[in-house]
Amino acid sequence: MRIRHLMIGAVFSILAAPPLAHAQVAVDREMAARIIEEGSDRSQALYLYHTLTDEIGARLTGSPAYDQAANWARDRFAEWGLTDARLEPFEFGRGWTLKKLSVEMTAPRYMPLNAFADAWTASTAGVVEGNVVYVGDKTADQIRAMASALRGAIVLTHQPQEEFRDLDRPQPGMEADGVRTGNPPRIQVRSTTPTREMNALLSELGAGVIIRPSHYRDGTVGVLGNRNTPEDAPPAMVLSAEQYNMIVRLSQRGLPVELRVELRTAFDTESRTFNVIADIPGTDPALRDEVVLVGAHLDSWHTASGATDNGDGALAVIEAARLLAALDAQPRRTIRFALWSGEEQGLLGARAYIEEHLADEASQDNLSVYLNDDPGSGRSLGWYMEENMAAKRIFDAWLEPLSDLGITRNVVEGIGSTDHVPFNGMGLPAFNAIKDFDGYDERTRHTNADWPERMSEDELKQQAIFLAHFAWQAAQLDERIPRARPIGD
């Protein structure tokens, strides 16, 4: 069923619904209906999503593309009438941009290869051509003994990849007895010499390029990078597992394999990056200094367009802000929208916000709740409640107006590895949206397959309505969102 049909039914059911099991929790059903109608009939979600993912594309922290995205989002907030739409800078370090990458097999036959450079890797010394040198099965002493063959060479550093990312985490919407949270189980790429030791050794010996296999199958390539990579380290890249394995097999059969590699990258000496912040000010004199914070990380990795990690979450925040602005929302508490930078490098934007805005007990006490949208893709199902049963009782009541949209489930468990974690660690009420993992872990997460086709317009609309609804309900609540523990503990 299309979300449009669901929304029409939802509006009527909200307006007609009698008090239900959660009648003791205030639910603004009239505003819920208005949010659903605006999010259905006048949505800009798909247009904004394609601007972010197609026009701007990948948004590596510290890159010009990230800065473009941050400025674009700030300008949209200002255009829609939000207050004090701004960029809040924090120190990050070097930016990095990929300028050109070409990897080809030229013998024993010609084949273009599916390879991607690590972020923050340096350029090659022009075009590097020659036979590959395979060291995945070599000890450090054996590698050192090959010094003359390794200088300026194209080096395959790991063994053929036989273990793959095949499965997603269990779908949270399908679990009857809890959910598995955190990151998916790690898949290793293996070598006889440990990777860190090998990379240092190959740098010392002057390798021209180092290549390792992806741990995804079917041409999917997962690529990250380290912002502290030395500029004199050998240029590093990841090759699709099937092509990598083929080259190793050919080499082990005694058939010379020749590659031609050209990589051009650029470092940006600007050391700062930016969070994007904008407010809908509160109107209640007793509550307007309290903040309902709604956020998602805007940064992504660099190989595709960052569509599901985390373009969809960022879009949900952006469109939720537009929905409430279009409805001329006058919340009792301030609703603050935040797009974080540096999540992929360690939740840096969220931590910078905490340092800037929540450094003392009084400011922490004024954070009503933080609502985060990150891991997974597709429709929103509800919230991971971080073992906070008192807050779950309230959030369960707020689910009811959205039940026809498939938003039906809050779970008591928490989830790690995203921007709500440092808030939660301070004892603040911070919760992350439950999203589907269908095709996320085994295909799009941190890979060259992270494209907007994974998301439908219906899903984009639904998750923006979800965020706008919960932000509004939290802003109107008479009492506080319960904390897991008192501030200052």
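Each value in this text was obtained by applying a stated rule to the coordinates, not by laboratory testing. No experiment lies behind these values; they were computed from the predicted model shown. A quick note on method: Cβ atoms are made from the backbone with ideal geometry, for glycine too, and the neighbour counts reach across all protein chains shown.
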GLU356 paired with ASP268, simple spin-label distance in nm, labels 7 Å along Cα-to-beta-carbon: 1.6
Whole-Å semi-axes of the ellipsoid equivalent to the range 97-268 (Cα gyration tensor, √5λ, descending): 29, 19, 17
Overall dimensions of the chain by Cα: Rg and Dmax, Å: 24.5, 81
Cα-centred dipole magnitude for the chain, charges only on beta-carbon of K, R (+1) and D, E (-1), debye, nearest 20: 1160
Per-pair calculated FRET efficiency, R0 = 45 Å: GLU55 and ASP289 via Cβ, rounded to 0.05: 0.75
Degrees between helix 3-16 axis and first principal axis of the chain (Cα, 0 to 90, nearest 10): 30
Full-extension gain in nm, ASN366 to ASN131, via 0.36 nm per residue minus C-alpha separation: 78.3 nm
Dipole moment magnitude, nearest 20 debye, the range 97-268 about Cα centre, only Lys, Arg, Asp, Glu C-beta charged: 200
Extension gain, LEU255 back to ASP232 (0.36 nm per residue minus Cα-Cα distance, nm): 5.1 nm
Surrounding net charge for ASN71, when Lys and Arg each add one and Asp and Glu each subtract one, Cβ distance under 15 Å: -2
Angle in degrees between helix 348-357 and the longest Cα principal axis of the chain, rounded to the nearest 10: 40
q = 0.14, 0.17, 0.19, 0.22 Å⁻¹: log10 I(q)/I(0) that the Debye formula gives for the range 271-421, counting C-alpha atoms only: -0.76, -1.15, -1.43, -1.69
Spacing of the two label points (7 Å from each Cα toward its C-beta) at ILE187 and GLN24, in nm: 4.8
Fraction of beta bridges assigned by DSSP in the chain that are antiparallel (%, nearest 5): 60
Residue-averaged [θ]222 nm for the chain, counting only DSSP H segments that reach four residues, each worth -39500 (n - 2.57): -9000 deg cm²/dmol
Relative contact order %, the chain, counting alpha carbon pairs below 8 Å whose residues are six or more apart: 23
For the range 97-268: relative contact order, % (alpha-carbon pairs under 8 angstrom, 6 or more apart): 43
Paramagnetic label zone (point 7 Å from Cα along Cα-to-C-beta, ALA200; backbone N under 18 Å) in the range 131-162: 139-145
Only Lys, Arg (+1) and Asp, Glu (-1) charged, at Cβ; the range 242-296 dipole about Cα centre in debye: 600
The range 97-268 - share of DSSP beta bridges that are antiparallel (%, nearest 5): 65
Selected from GLY62, PHE423, THR283, residue furthest toward positive end of dipole (the chain; charges at beta carbon): GLY62
